[in-house]
């Protein structure tokens, strides 16, 4: 393989890696965020689906499927969902704010963005 072919191959590889990195980073950024908000309401339904309603809107880039702009959804049928509900109830009881991020999808309630991760401040 001559030097020109090596450079072209490396250039293509670099371009592929860069394109992949940009694709993944935009997917991560395509989600809503509840920044330093307090919990107004925590709901849990009989089927285990629930949501947290905050005292302000979800910002950044909530998905188009999310028509409830102050909510993030969770599923108490999972360990993660139970942890989210626990965190939200503790924050509500203490009055401390939460910063939480959505997943960019509405796979729990089809009109509420799903909760990805969060922290009580």
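The values are calculated or read from the model by the stated rules, or taken from the named source; none is laboratory data. Here the structure is a predicted model, which is why all the values come from computation and not from measurement. Don't worry about glycine lacking a Cβ; one is built from the backbone with ideal geometry, like all the others, and counts go over all protein chains shown.
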**Study point:** Matching residues in segment 31-86 - criterion: being under 17 Å from the mean Cα position of the chain (by Cα), in a strand (DSSP E or B) and free of Cβ contacts under 8 Å to residues at least 60 places away in the same chain
**Key:** 39, 50, 53, 54, 59, 60, 71, 72, 73, 74, 75
**Study point:** Tally of residues being touching a helix residue (DSSP H, G or I) at 6+ places or on another chain (Cβ under 8 Å) and not in a loop (DSSP other than H, G, I, E, B) across segment 87-118
**Key:** 3
Revision key, fill the gap. Every listed condition ((1) modelled with pLDDT of 95 or more; (2) closer than 17 Å to residue 35 by Cα) holds for residue 45 save (2)
